[in-house]
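Notes for the one structure printed next.
The values are calculated or read from the model by the stated rules, or taken from the named source; none is laboratory data. Since this is a predicted model, take the numbers as computed values, not measurements. No Cβ is skipped: glycine too gets one built from the backbone with ideal geometry, and neighbour counts run over all protein chains shown.
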Amino acid sequence: MSFVTRLKWFFQWRWRSYVMAIGMMAGVSLLTTIPPRMIGNTIDQIKKGNLTSSGLNHTVLLLICLSLLLYGMAYLWITTLFGNSALIEKLLRGRFVAHLTKMTPAFFQRNTTGQLMALATNDILAIGQTAGYGVMTLVNTLVGASVVIVMMISFISFKLMLAALVPLPFLALVIHKLGKKMRIRFLAAQKSFGTMNDHALESISGIRVIRSYVQENQDIGAFDQVTSAVMNQNKRVAMLNALFQPVISLIVGVSYVIGIGYGSYLVFHHEITLGQLISFNIYLGMLIWPMIAFGEFINVLQRGGASADRLETAVSQQADVQDAQAPVDIEVPARIEMKQLSFTYPTANHASLDQVSFRLERGQTLGIVGKTGSGKSTLLKQLLRQYPVEPEKLFVSSIPIEQIALDRMKRWVAYVPQEHLLLSKSIRDNIALGKPDASDEEIARAVAMASFTEDIAQMGEGLQTIVGENGVMLSGGQKQRLAIARALLVDLEILLLDDSLSAVDARTESRILHQVRLERAGKTTFITTHRLSAVSHANWILVLDEGRIVEEGTHDELMLFGGWYKEQWEYQQMEASLEE
């Protein structure tokens, strides 16, 4: 089975606990066959008039002791087996999240957030149920049914057992067909659940926009359609699931009819005793659960197998960017250089960067400006190694970046993106994300460099203020300064500011950039911006247009060129003077 193959590592690791649980279950199945035989013998003694008071008391006492023993054994195998079920869910969720942290943006373009959430919740839960409840139903089917059938043959009648079990092959055929349909419908239900997750996530994150455009009713209607689709898919699964037990009960009922009818015939012809017939019918009743368990096993196995396939498909996808086989070790990024680098996003039809070249020494600042969509952020992302880079086009300390270990690059780069990810924790926790053990003095210093001290002082709980989901309690400028403080706290070799000052005023921007220049002397900084004053101090400035460098130089040199940079500078200066 593919399910067992995919989880072979877990079963090999936990085989001792599974052997113990299965052994206990087998022992319970064996012991439960004793009471029917004792009851049959007692009835035969009553019929013959041989039952004594002491014999009855002895039988009752044995049944009570047996019940207590069965209780203890059942407790042990249940806690062991379902403990393994909870453990595998924990391990799979941990592995899945660890896999997500290694994936590049292309992976998240192929897999929606809703589908990934469905994998982490419903699918892993289905796998855990198969590893626990599924194993229980399988063992109950195999061991329970086998033990009961052996008891029927050994102590009752082989002919009666054979006649009563004639309908069982039909049961296997029906369950096989239902199981195949169950897998198909369960996959469709899981897919619809992922779609619902996507819609819910978009509605919650964009609730302000929805309300501002008065689209609440439309969004509710659209969500109602999505949830209706989920409901219908799950109803289809439930309808099929509901067929298992009635079919099993019907076939077992036919076995009962055969057992009672043919068994009575054998009693009249003195081939078996009345007590044996009663014992046989009790044993036949004991077969109901193993048969139901067989149907449940097929049901759970199909769900778990489908979920395991979905999870395997996701975790088998490899990151687009991989470490070199023999990475080159570099202590510090002494120089960063691009040589005619071009880049096209995987889903795009045209290049976002076209023949871009520059050279930046350690300690210098590179400013990158241009119109919206000119490729400024894309240029910075080449240093983040989020996408494959053209070989021999981007160099760090004269070494091609693809030959440098990914972990090494991550330890060099602090990135402040345009869209800030803030955790639903305190301001302090958000700032200390990259350095959890930072002291209060280090936090205060980073906050001061980001010109965020006064804002925090006005908050009731200061650094312990909870920012809410994705920073809902903060303004746009406060989010940017918090993100900048986070990057300045780790104080890495390379700082990437991706239009990170757009929501602050000119004076605050000037203070922040002044602190950055002072504190990061000797370290490299990249700044992309629409406000040219943010890069006027830079050692070199690139002006991009449709991914190409159309102007480059220092601020003074670009002003002399009289091109787009000069026009924008004069326009922004005039706009600033009018505001003042």
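Results for (1) touching a residue at least 60 places away in the same chain (Cβ under 8 Å); (2) among the β-branched types (Val, Ile, Thr), shown as yes or no for each residue.
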| residue | (1), (2) |
| --- | --- |
| Val19 | no, yes |
| Ser29 | yes, no |
| Arg37 | yes, no |
| Asn50 | no, no |
| Gly55 | no, no |
| Cys65 | no, no |
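Yes/no per residue for (1) closer than 30 Å to Tyr283 by Cβ; (2) in a helix (DSSP H, G or I); (3) among the acidic types (Asp, Glu):
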position: Val174; (1), (2), (3): yes, yes, no
position: Arg185; (1), (2), (3): no, yes, no
position: Ala189; (1), (2), (3): no, yes, no
position: Val214; (1), (2), (3): no, no, no
position: Asp224; (1), (2), (3): no, yes, yes
position: Gln233; (1), (2), (3): no, yes, no
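Taking the range 239-265 only, how many residues are surrounded by 14 or more Cβ atoms within 10 Å (Cβ to Cβ), of a type outside the set (Phe, Trp, Tyr) and over 18 Å from Gly179 (Cβ atoms)?
The qualifying residues number 7.
Look through Arg486, Arg507 and report the one residue that is in contact with a Gly (Cβ under 7 Å, 6 or more places away or on another chain) and either of a type outside the set (Val, Ile, Thr) or assigned to a helix (DSSP H, G or I) (or both).
When all the criteria are applied, what remains is Arg486.
If I filter the range 275-297 for residues that are surrounded by 18 or more Cβ atoms within 10 Å (Cβ to Cβ), closer than 30 Å to Arg95 by Cα and outside the structural domain of Gly375 (by TED's automatic domain parsing), do I get at least one hit?
Yes - at least one qualifying residue is present in the range 275-297.
Under 6 Å by Cβ, and 6 or more places apart or on different chains, what pairs join a residue from the range 143-170 that is in the same structural domain as Ile22 (by TED's automatic domain parsing) and on the phi > 0 side of the Ramachandran plot with one that is assigned to a helix (DSSP H, G or I) and exposed (fewer than 14 other Cβ atoms within 10 Å of the Cβ)?
none
Could we say that His176 is in contact (Cβ under 8 Å) with a residue 24 or more places away in the chain, over 30 Å from Gly253 (Cα atoms) and either in the same structural domain as Ile298 (by TED's automatic domain parsing) or among the charged types (D, E, K, R) (or both) here?
no
Under 15 Å from the mean Cα position of the chain (by Cα) and surrounded by 12 or more Cβ atoms within 10 Å (Cβ to Cβ) - does that describe any residue in the range 66-89?
Yes, there is a match, as at least one residue in the range 66-89 is under 15 Å from the mean Cα position of the chain (by Cα) and surrounded by 12 or more Cβ atoms within 10 Å (Cβ to Cβ).
Please state which of the following conditions Glu551 fails to meet, knowing it meets all the rest: (1) part of a strand (DSSP E or B); (2) in contact (Cβ under 8 Å) with a residue 60 or more places away in the chain.
For Glu551, the exception is condition (2).
Would you confirm whether any residue within the range 557-578 is among the basic types (Lys, Arg) and within 45 Å of the chain's Cα centre (by Cα)?
No, the range 557-578 has no match at all.
What do you reckon, is Ser228 over 28 Å from Arg183 (Cβ atoms), of a type in the set (Gly, Ala, Ser) and free of Cβ contacts under 8 Å to residues at least 40 places away in the same chain?
No, not satisfied.
Got a number for residues in the range 339-369 being surrounded by 15 or more Cβ atoms within 10 Å (Cβ to Cβ) and either among the β-branched types (Val, Ile, Thr) or not assigned by TED's automatic domain parsing to the domain that holds Leu496 (or both)?
5
Taking the stated definitions as given, is Val328 modelled with pLDDT under 80 and either of a type in the set (A, V, I, L, M) or not in a helix (DSSP H, G or I) (or both)?
no
Of Thr453, Thr465, which residue is closer than 26 Å to Ile207 by Cα and either touching a residue at least 40 places away in the same chain (Cβ under 8 Å) or in the same structural domain as Leu518 (by TED's automatic domain parsing) (or both)?
Exactly one residue qualifies, and that residue is Thr465.
Considering (1) in contact with a strand residue (DSSP E or B) (Cβ under 8 Å, 6 or more places away or on another chain); (2) free of Cβ contacts under 8 Å to residues at least 60 places away in the same chain, say which one Trp569 fails and leave the rest.
The single condition Trp569 does not satisfy is (1).
Right, Ile527: part of a helix (DSSP H, G or I) and of a type in the set (A, V, I, L, M) or not?
Spelling it out, it is not the case that Ile527 is part of a helix (DSSP H, G or I) and of a type in the set (A, V, I, L, M).
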